[in-house]
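The values are calculated or read from the model by the stated rules, or taken from the named source; none is laboratory data. Nothing here was measured: the structure is a model prediction, and the numbers come from that model. Reconstructed Cβ throughout: ideal geometry from the backbone, glycine too, with neighbour counts over all protein chains shown. Heads up: the accessible areas ignore ligands, DNA and RNA and are worked out on the full protein's heavy atoms, side chains in. Shrake-Rupley method; radii C 1.70, N 1.55, O 1.52, S 1.80 Å.
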Amino acid sequence: MPPDGPTAKKRLLCLNVNGRARKDAVAENALLLNYLREVARLTGVKAGCDGGECGACTVLVDGAAVPSCLTLAIRCEGKRVETIEGLAAHGRLLGTQCGFCTPGMIMAAEALLRRRAHPSDEEIRIALSGNLCRCTGYVKIIESVHAAAEAAP
């Protein structure tokens, strides 16, 4: 039986997702990843490793990059959650390869750029170290973070 099946205890979750207040009944053991994809219908959040190792599910919770596959949705009560869909509305996105890792990479890069407007290559590598890309050697991704930093107002 799935962890959020009919026997799972539910409670009302109140949080802000991409600038909009939400109130949803969720299973107490529901992961933030599943809540975002299945309840909020924000499918830019990707399920990758389900163990917090690949970064494909990265979202921002109160501005910090977190793996949504390891975060219980109820732990976000009263917090601000941002997904790739929320950033797309602001128009600051990075370049892409196949696209699977892109949402997580962008969210990790956004968290960095909010802390440090013009990061060094090393700071970018550290910020993205929890995100795996199987398409590149990360050179273009690092260049994209620099380009996003330069394009920021």
_Taking the conditions exactly as written (modelled with pLDDT of 95 or more, open to solvent by 50 Å² or more (accessible area, probe 1.4 Å) and more than 18 Å from R22 (Cα to Cα)), does L70 satisfy them or not?_
yes
_Subset tally (residues that are in contact with a Leu (Cβ under 9 Å, 6 or more places away or on another chain), open to solvent by 40 Å² or more (accessible area, probe 1.4 Å) and closer than 18 Å to G52 by Cα) for the stretch 126-142_ = 1
*Working only within the stretch 93-125, note down all residues that are surrounded by fewer than 16 Cβ atoms within 10 Å (Cβ to Cβ) and either closer than 23 Å to L36 by Cα or modelled with pLDDT under 95 (or both).*
G95, Q97, C98, G99, R114
_Count - residues of the stretch 15-33 that are open to solvent by 70 Å² or more (accessible area, probe 1.4 Å) and either of a type in the set (K, R) or in contact with a His (Cβ under 6 Å, 6 or more places away or on another chain) (or both)_ = 2
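Quick check: anything in the stretch 46-64 in a loop (DSSP other than H, G, I, E, B), touching a Ser or Thr at 6+ places or on another chain (Cβ under 6 Å) and within 20 Å of F100 (Cα to Cα)?
The initial filter retains those residues of the stretch 46-64 that are in a loop (DSSP other than H, G, I, E, B), namely 46-57, 62-63.
From the residues that got through so far, the ones that are touching a Ser or Thr at 6+ places or on another chain (Cβ under 6 Å) too are 57.
Cutting the leftovers down to within 20 Å of F100 (Cα to Cα) gives us 57.
Yes, the stretch 46-64 contains a residue that is in a loop (DSSP other than H, G, I, E, B), touching a Ser or Thr at 6+ places or on another chain (Cβ under 6 Å) and within 20 Å of F100 (Cα to Cα).
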*Could you list, in sequence order, all residues of the stretch 34-66 that are at negative phi and open to solvent by 60 Å² or more (accessible area, probe 1.4 Å)?*
R37, E38, V39, T43, E53
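Do we have G52 as over 22 Å from A149 (Cα atoms) and either modelled with pLDDT under 95 or in contact with a His (Cβ under 9 Å, 6 or more places away or on another chain) (or both) here? Lay out the reasoning, then the answer.
On the way: over 22 Å from A149 (Cα atoms): yes; either modelled with pLDDT under 95 or in contact with a His (Cβ under 9 Å, 6 or more places away or on another chain) (or both): yes.
Spelling it out, G52 is indeed over 22 Å from A149 (Cα atoms) and either modelled with pLDDT under 95 or in contact with a His (Cβ under 9 Å, 6 or more places away or on another chain) (or both).
If I ask for residues that are of a type outside the set (D, E, K, R) and open to solvent by 50 Å² or more (accessible area, probe 1.4 Å), which ones from the stretch 73-85 would you list? Lay out the reasoning, then the answer.
Going through the stretch 73-85, the residues of a type outside the set (D, E, K, R) turn out to be 73-74, 76, 78, 81, 83-84.
If the condition is that a residue be of a type outside the set (D, E, K, R) and open to solvent by 50 Å² or more (accessible area, probe 1.4 Å), then G78 is the only one that fits.
Rundown of residues vs (1) free of Cβ contacts under 8 Å to residues at least 60 places away in the same chain; (2) in a helix (DSSP H, G or I); (3) under 17 Å from G63 (Cα atoms), yes/no style:
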residue: I106; (1), (2), (3): yes, yes, yes
residue: E110; (1), (2), (3): yes, yes, yes
residue: R134; (1), (2), (3): yes, no, no
residue: G137; (1), (2), (3): yes, no, no
residue: I141; (1), (2), (3): yes, yes, no
residue: A147; (1), (2), (3): yes, yes, no
residue: E150; (1), (2), (3): yes, yes, no
